[in-house]
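S.K.: Dumping the structure here so I can ask a few things about it.
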Amino acid sequence: MIFDIITIFPQIFDSYFNESILSRAQKKNLIKINIHNLRDYTLDKHKKVDDKPYGGGQGMILQVEPFYRALANIKMQKSKIKMTNQNAKLTAKTKTIMLTPTGKTLDQKMAMKLSKLDNIILLCGRYEGFDARIDKFVDEKISIGNYVLSGGELPAMVLVEAVSRIIPGVLGHSHSAEDDTFSVDKDYVEYPQFTRPEKFQIPNPKQITNSKKQKTKTLSVPKVLLSGDHKKIEEWKKKHIKRKTN
Ligand code: ADE
């Protein structure tokens, strides 16, 4: 899977994509993430990417030309690679996606569909939005939730992570995306899990806990989980599965 991200803040991605799972996935060549600076696709010396809206209105709008040039360039590079690489699929499945609060809300089912593609091109917005003509060059619009962020960079990171962890091999042997909260059944979340210590003695309960809710000074791991009785443990887990609340 190749992700191409078009943004005016290319450095935002550096730390997140160079840590942990996504860093390993890139090193193992399971995914490739290319970050493209939208300003590299401008022709003026100020590298201007935005302007005032026609007809009046607040803020600045991202212009169509830099996005068109960036997309044309990315697509041209890919067709060159395809022509020179005998092994490359001739019909690579590519989708161009605009990240916007007005898009379809990302969920696990959508992430699974996207993980079947060969190439995802992501357009990150900033300011008051995109020139409406950019719509002509995108296949899909995606939102990561019903709230407005200052740009598409965080949504792009969310989408890259949600899609990548579904790709076989990305999570490694110890964990598979099949085990994930929403993979089994859309309504399920996980059962409660515990690790050491067996008993946690709260040193000063009043200091950080809601005293109405917190009656005890000791938080213990449920006994059944320490019993070694696998049948009972499975029953306990089933009984304690928590569902998503909204
Ligand atoms: N850009 C700003 N807010 C967004 C959101 N919620 N989802 C996707 N892109 C966005």
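The values are calculated or read from the model by the stated rules, or taken from the named source; none is laboratory data. Please read these numbers as outputs of a predicted model, since none were measured by experiment. Methodologically, a virtual Cβ is constructed for each residue, glycine included, from the backbone with ideal geometry; neighbour enumeration extends over all protein chains shown. Keep in mind that these areas ignore ligands, DNA and RNA; they rest on the heavy atoms of the full protein, side chains included. Shrake-Rupley method; radii C 1.70, N 1.55, O 1.52, S 1.80 Å.
S.K.: For the list (1) within 11 Å of the ligand (Cβ to nearest atom); (2) open to solvent by 20 Å² or more (accessible area, probe 1.4 Å); (3) farther than 20 Å from residue 66 by Cα; (4) under 15 Å from the mean Cα position of the chain (by Cα), I need the number of the one condition that residue 146 fails.
M.R.: Of the numbered conditions (1) within 11 Å of the ligand (Cβ to nearest atom); (2) open to solvent by 20 Å² or more (accessible area, probe 1.4 Å); (3) farther than 20 Å from residue 66 by Cα; (4) under 15 Å from the mean Cα position of the chain (by Cα), the odd one out for residue 146 is (4).
S.K.: Then there's this: Being β-branched (Val, Ile, Thr) and at pLDDT below 95 is the filter here, so list the residues in the range 85-111 that pass it.
M.R.: The one that is β-branched (Val, Ile, Thr) and at pLDDT below 95: 91.
S.K.: Just to confirm my filter: which helices (runs of 4 or more DSSP H) fall fully inside the range 1-84 and include at least 2 residues that are over 27 Å from residue 169 (Cβ atoms) and either modelled with pLDDT under 95 or outside the structural domain of residue 117 (by TED's automatic domain parsing) (or both)?
M.R.: Qualifying helices (runs of 4 or more DSSP H): 64-84.
S.K.: Can I ask one more? Residue pairs, Cβ under 8 Å, 6 or more apart or interchain, first in the range 131-153 and touching a residue at least 40 places away in the same chain (Cβ under 8 Å) and under 24 Å from residue 57 (Cα atoms), second assigned to a loop (DSSP other than H, G, I, E, B) and near the ligand (Cβ under 9 Å from one of its atoms). List them.
M.R.: Pairs that qualify, where the first residue is touching a residue at least 40 places away in the same chain (Cβ under 8 Å) and under 24 Å from residue 57 (Cα atoms) and the partner is assigned to a loop (DSSP other than H, G, I, E, B) and near the ligand (Cβ under 9 Å from one of its atoms), are 143/106; 151/125; 151/126; 152/125; 152/126.
S.K.: With more than 14 Å from the ligand (Cβ to nearest atom) and more than 22 Å from residue 41 (Cβ to Cβ) as the only criterion, which of 78, 95, 136, 109 stands out?
M.R.: 109
S.K.: Can residue 48 be described as more than 30 Å from residue 167 (Cβ to Cβ) and surrounded by 12 or more Cβ atoms within 10 Å (Cβ to Cβ)?
M.R.: yes
S.K.: Would you mind stating whether residue 70 is among the small types (Gly, Ala, Ser) and either in contact (Cβ under 8 Å) with a residue 60 or more places away in the chain or open to solvent by less than 70 Å² (accessible area, probe 1.4 Å) (or both)?
M.R.: Judged against the criteria, residue 70 is a match.
S.K.: Enumerate the helices (runs of 4 or more DSSP H) found wholly within the range 156-246, keeping only those where 1 or more residues are at pLDDT below 80 and among the small types (Gly, Ala, Ser).
M.R.: So the answer is 181-184.
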